[in-house]
Ligand code: BGC
């Protein structure tokens, strides 16, 4: 049951990944149909990250106000509205509005889905269930890549409007599925609805359900009672001395995830393979579908390793692997060794593999884990906003860097970011595997350094 709940909630990730991947394939057709110049295209493109950034910032508050489930149900409605607009419109303004709405729904989804999954999952499989969300992102990217390749090789296999229409299918499944999902038991406790919370927990923990549900509900209630003693509003709580280190972890994990240059590869893979002297149709195909496939497969591995190895070792492994592969690409490109283009291309795949097993899923896994309940909404909002902010910054600066300092130095820059990320994780990121959200919270309130949190003998 709990697996199905997480799968449905994770479907929002598909909407995110699909939209990320589809634009590169349909942009030139949109420009042609609407007669857009570069300025109009740039404005229209920028509306999605803008909408996502703005909505992710308010979604935490929204989740606290009207519940996690209502927000989760709203996401596919806004997404579908945007898709209808895209499919039906011939006006530039409506197209812009649709991009903005897509951004709003995606910005909401990246806050609410990991939060909801974390709050409904039993602690021993929480990490794995949140990785479903990242898995859905990677599947969304892969499917959009496949559609792009089909379109490029078969002269508009699907018209661009219908390419967007594909996103309607997961949105409809999510909408229908979400009608049957239970509310987060933690949110229910926060509202004082202890009986309903206990009933949901009984439903979630099928084995030993009565005893476990009672214990879990008591633990949540106790932790809420302690929070109430402090009586802080969530933004105040977020910036309080004890919670600031948690905020740093939430926000900086996404900062380093984006500074590793992942979206440069996701958006510009064909150009990069070309620069590595691997041109032609086959290279494009490899660059897109190949990258997308490795991304999906290694995310599946992450589902296992996130509980087996734990968050910290996996994160360190990811930073080390991405740094080394980026550095090799940088050196080969910097020295202009054309005969080693193939090695650089292999390193792109190795980089994707390390990213997918670690830097991709772990910030989403840890985002809802590292905050206490009364700051979880606001903290998740800030972390997701950091994802969008640095995503936009890295993608927007890549063409400028490429032109001015070349691909070698640009990749060296991303490699350095991964090295700094490694040092950051080493010094500041705690271990949260197997711990209940309430145990993590108790540690935060104890005033002990955040980094010293670990799973002990669990
Ligand atoms: C990142 C996205 C990225 C994707 C690639 C996600 O975790 O937040 O920006 O495109 O992974 O798989």
Exposure proxy ranking, count of Cβ atoms within 10 Å, fewest first, for 89, 452, 322, 120: 452, 89, 120, 322
Label-point separation, residue 241 to residue 446 (7 Å along Cα→Cβ), nm: 1.8
Normalised contact order of the chain, rounded percent, pairs of Cα under 8 Å and 6 or more residues apart: 23
Nearest-0.05 FRET efficiency for residue 342 and residue 289, computed from C-beta distance (R0 25 Å): 0.90
FRET efficiency estimate (nearest 0.05) - Cβ-Cβ, residue 196 to residue 41, R0 60 angstrom: 0.75
Between segment 303-334 and segment 245-262, the alpha-carbon center distance in angstrom: 15
Sorted by Cβ neighbour density within 10 Å, fewest at the top, the residues 338, 193, 119: 338, 193, 119
C-alpha center-to-center spacing [segment 155-196, segment 1-37] in angstrom: 14
Extension gain (nm, one decimal) between residue 297 and residue 153, 0.36 nm per residue minus Cα-Cα: 49.3 nm
Calculated [θ] (222 nm, deg cm²/dmol) that DSSP helices of n ≥ 4 give over the chain, each run adding -39,500 (n - 2.57): -27500 deg cm²/dmol
Net lengthening on full extension, residue 423/residue 28 (0.36 nm per residue, minus Cα-Cα): 138.0 nm
Pair residue 225, residue 84: separation of 7 Å Cα→Cβ label points (nm): 4.9
In nm, spacing of pseudo-spin labels at residue 397 and residue 454 (7 Å Cα→C-beta vector): 3.5
Residue order, fewest to most beta carbons within 10 Å, for 382, 63: 382, 63
Average projection area in nm² (convex hull over Cα atoms of the chain, one quarter of hull surface): 20.7
Compactness of segment 27-105 - radius of gyration and Dmax, Cα, Å: 14.2, 44
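Since every read-out is calculated from the coordinates, none of them should be taken as a lab result. If you're wondering where the values come from, they're calculated on a predicted model, not measured in any experiment. Positions of Cβ are generated from backbone atoms using ideal geometry, with glycine treated the same way; all protein chains shown enter the neighbour counts.
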